[in-house]
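Working notes, structure below.
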Amino acid sequence: MREIQVSTITEAVKKLCMDAAYYLPNDVYESLKAGRETEESPVGAVVLDQIIKNAEIAKDEDRPICQDTGMTIVFLEVGQDVHFVGGDLKEAINAGVAAGYIDGYLRKSVVAEPLFNRKNTQNNTPAIIYTEIVPGDKIKIDVELKGFGSENKSGVKMLVPADGVQGVKDAVLEIVKKAGPNPCPPMVVGVGIGGTMDQAALLSKKALLRSTTERNPMPEYAQLEAEICENINKTGIGAQLGGSTTALAVSIEWGPTHIAGLPVAVTICCHAARHAEVVL
């Protein structure tokens, strides 16, 4: 049994929040540059130049890539041979989020109650926390900063098996077309297929943690990712003001589902596809 002080988790989460806010993942940066090379619209090319330059300034000056530094989503893979000591794990994670947002001068965007008394918590807590128990004595922490310009344009479609592959394609494209330029494209599109409604949504969030250059290991899903991405880039939405670079990548995660169901969830992420990871 390996003991880990929860203070270690706090410090790790703090750093991950700041790193994710300041430093665009290299795969996303390179995908933006690749999109710029193939962009067919002169206006779209100018917008992509500005987006790329913005990411470079943020990295060089340790500044947030975007003023919306998102709601913090924390994915934990906890080895079953790990024992946390020194406090409560959930409290430690939220302490790390608070420290990262306060010390990192990141915008605090979380309200404690969603409808009747939308009072800001002043430190971007609580985080959304997902925990998975895995073999071993390591801890993997992924932090995803989810801006809500794009989150508000995400969606779920409860299809039936008869809808098939074409139904999935149509569902994703419908959600993306309805979103239009509002999610600040070029976007990264996470798609969750299977499970229940809530599980499909979670799968679509986890899909955004993948590199934009990494395809699903199952060939059929890899092909579906490519086809959906191609269809999205044909919409002409482009980099906010029109063009051929609407999506940098489409990533699909899937899970078992009921014989009567085919849930499809789509999480849209803006060009600031921010996430960071550490293994302890």
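The values are calculated or read from the model by the stated rules, or taken from the named source; none is laboratory data. Keep in mind that this is a model prediction, so the values were computed, not measured. Positions of Cβ are generated from backbone atoms using ideal geometry, with glycine treated the same way; all protein chains shown enter the neighbour counts.
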Out of all the residues in segment 254-275, which are over 12 Å from GLY192 (Cβ atoms), among the small types (Gly, Ala, Ser) and surrounded by fewer than 22 Cβ atoms within 10 Å (Cβ to Cβ)? ALA260, GLY261
Out of (1) of a type in the set (S, T, N, Q); (2) over 25 Å from VAL28 (Cα atoms); (3) part of a loop (DSSP other than H, G, I, E, B), the odd one out for GLN199 is which? (3)
Could we say that THR235 is touching a helix residue (DSSP H, G or I) at 6+ places or on another chain (Cβ under 8 Å), over 30 Å from ILE93 (Cβ atoms) and part of a loop (DSSP other than H, G, I, E, B) here? yes
I'd like the residue in segment 189-211 that is crowded, with 22+ Cβ neighbours inside 10 Å and β-branched (Val, Ile, Thr) and, out of all such residues, is nearest to SER150 (Cα to Cα). VAL189
Assess whether LYS169 counts as being under 16 Å from the mean Cα position of the chain (by Cα), at pLDDT 95 or above and in the same structural domain as GLY192 (by TED's automatic domain parsing). no
Looking only at residues in segment 62-109 that are out of contact with any Ser or Thr (no Cβ under 6 Å at 6 or more places or on another chain) and surrounded by 22 or more Cβ atoms within 10 Å (Cβ to Cβ), which one is farthest from GLN50 (Cα to Cα)? ILE93
If you check GLU113 against the conditions, is it in a loop (DSSP other than H, G, I, E, B) and of a type in the set (Asp, Glu)? yes
Any residue at all in segment 129-144 that's more than 21 Å from GLU77 (Cβ to Cβ) and either modelled with pLDDT of 95 or more or touching a Leu at 6+ places or on another chain (Cβ under 9 Å) (or both)? no
Does segment 171-196 hold any residues that are part of a strand (DSSP E or B) and either in contact with a Phe, Trp or Tyr (Cβ under 7 Å, 6 or more places away or on another chain) or over 15 Å from LEU248 (Cα atoms) (or both), and which are they? GLY192, ILE193, GLY194, GLY195
On the given criteria, is GLU230 without any contact (Cβ under 8 Å) to a residue 40 or more places away in the chain, surrounded by 15 or more Cβ atoms within 10 Å (Cβ to Cβ) and either in a helix (DSSP H, G or I) or not assigned by TED's automatic domain parsing to the domain that holds LEU76 (or both)? no
